[in-house]
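See structure below.
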Amino acid sequence: MKNKVFTVTVYNGKTVRIIFSEKLHCYFIELNDMKKLFDLEVKNLPEKYRGNLNYFDVKIGSSVKKIAGVAEEDIEIIKNFSKLKDAEYYARSILTIISDLKTSYTGYTKGMILPQEEQDELISSFEKKTRKINVLEGQLEELKEGAKLYFEFTDNTSMVPLRRVHEKLKYKTSYTQLLGHLRQSGAIDEYCRPTPSLVENGCFRFFTWISQIGDKEKKTTQIVVSDKGIRYINEILEKANGKLKRS
């Protein structure tokens with residue numbers, strides 16, 4: 001059983017229950033609420049509408065109840081038998097809410113009155129999604145800041161991030177193997193930072209920025225290599241290859 005009942009606030013603060021039938025994929029207005037809202041008795045309606053009711057089994061709390069509902073398309077006719085001056089506004093308000101429900105991504109709309117348990121569940125879900133959005137926004141800002149600093153720092157030259165240098169070399173090697181060669185030759189330390197002399201002579205450059213991601217700060221360091229640095233690395237690999245051939 002997947003029928004659902006929503007309590008909604010309509011025109012002038014009145015409330016009615018709207019029933020959603022999963023099987024028919026249609027919305028209905030609970031019969032007693034409709035009678036009270038429009039101040040109608042079923043016996044005063046044309047015979048066609050007296051028996052034009054649908055019955056649904058709906059779970060309310062821990063029990064299942066059978067509820068009668070009036071189809072949304074009948075509201076346009078039924079409102080005309082009400083003597084209330086606000087009958088037109090009530091009908092329009094109900095149909096607007098149903099229309100909003102049909103196009104809602106969440107299954108909820110403005111004016112709904114939700115049980116406490118469901119409110120708490122929605123707030124918890126909203127908190128999780130907001131936290132995730134906050135983290136994603138922080139990651140985006142980190143990328144934007146990194147890109148901005150990179151172009152400012154390198155003056156839009158052909159300097160290459162260290163992580164991609166192995167793609168530009170004469171000798172085929174992986175990023176991990178390249179780091180091993182650079183550490184062995186003393187070009188970088190255990191944290192992949194180039195030695196001051198290689199930064200001073202223009203082979204390497206590096207910069208650091210701090211980004212806020214969620215409730216945490218992230219420190220990022222970007223190391224880039226110039227054309228001169230790539231030639232220097234090629235020389236290191238040539239020596240390593242020469243040693244390998246001799247052995």
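The values are calculated or read from the model by the stated rules, or taken from the named source; none is laboratory data. Everything numeric in this text was worked out from a predicted model, so none of it was measured. Cβ sites come from the backbone with ideal geometry, for glycine too, and all protein chains shown count toward neighbours.
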- Task: Kindly indicate whether any position in segment 177-197 is surrounded by 13 or more Cβ atoms within 10 Å (Cβ to Cβ), touching a Lys or Arg at 6+ places or on another chain (Cβ under 6 Å) and either among the small types (G, A, S) or not in a loop (DSSP other than H, G, I, E, B) (or both).
- Result: no
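The rows are residues; the columns are (1) outside the structural domain of T173 (by TED's automatic domain parsing); (2) at pLDDT below 90; (3) exposed (fewer than 13 other Cβ atoms within 10 Å of the Cβ).
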{"residue": "V199", "(1), (2), (3)": "no, yes, no"}
{"residue": "C203", "(1), (2), (3)": "no, no, no"}
{"residue": "T208", "(1), (2), (3)": "no, yes, yes"}
{"residue": "Q212", "(1), (2), (3)": "no, yes, no"}
{"residue": "E217", "(1), (2), (3)": "no, yes, yes"}
{"residue": "T220", "(1), (2), (3)": "no, yes, no"}
{"residue": "V224", "(1), (2), (3)": "no, yes, no"}
{"residue": "N234", "(1), (2), (3)": "no, no, no"}
{"residue": "E238", "(1), (2), (3)": "no, yes, yes"}
- Message: Restricting to segment 103-119, count the residues that are in a helix (DSSP H, G or I) and within 21 Å of the chain's Cα centre (by Cα).
- Response: 3
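Of a type outside the set (F, W, Y), more than 17 Å from A87 (Cβ to Cβ) and crowded, with 16+ Cβ neighbours inside 10 Å: is that true of V10 in this structure?
It is false that V10 is of a type outside the set (F, W, Y), more than 17 Å from A87 (Cβ to Cβ) and crowded, with 16+ Cβ neighbours inside 10 Å.
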- Does L101 satisfy the condition of being closer than 17 Å to K4 by Cβ and assigned by TED's automatic domain parsing to the domain that holds N12? yes
- For segment 144-162, indicate whether the set of residues that are at pLDDT 80 or above, part of a helix (DSSP H, G or I) and under 36 Å from the mean Cα position of the chain (by Cα) is non-empty. yes
- Item | The lone exception for G186 - which of (1) touching a Pro at 6+ places or on another chain (Cβ under 6 Å); (2) modelled with pLDDT of 90 or more it fails | (1)
- Query: Any residue in segment 189-197 that is over 33 Å from the mean Cα position of the chain (by Cα), under 21 Å from K239 (Cα atoms) and touching a residue at least 40 places away in the same chain (Cβ under 8 Å)?
  - Reply: no
- Message: For segment 51-68, check the following and say yes or no: at least one residue is within 15 Å of K4 (Cβ to Cβ), at pLDDT 75 or above and outside any strand (DSSP E or B).
- Response: no
- Task: Go through segment 13-51 residue by residue and tally those that are surrounded by 15 or more Cβ atoms within 10 Å (Cβ to Cβ) and either in contact with a Leu (Cβ under 6 Å, 6 or more places away or on another chain) or touching a residue at least 12 places away in the same chain (Cβ under 8 Å) (or both).
- Result: 20
- Query: Condition test on Y90, is it under 21 Å from T15 (Cβ atoms), in the same structural domain as D33 (by TED's automatic domain parsing), of a type in the set (F, W, Y) and part of a helix (DSSP H, G or I)?
  - Reply: yes
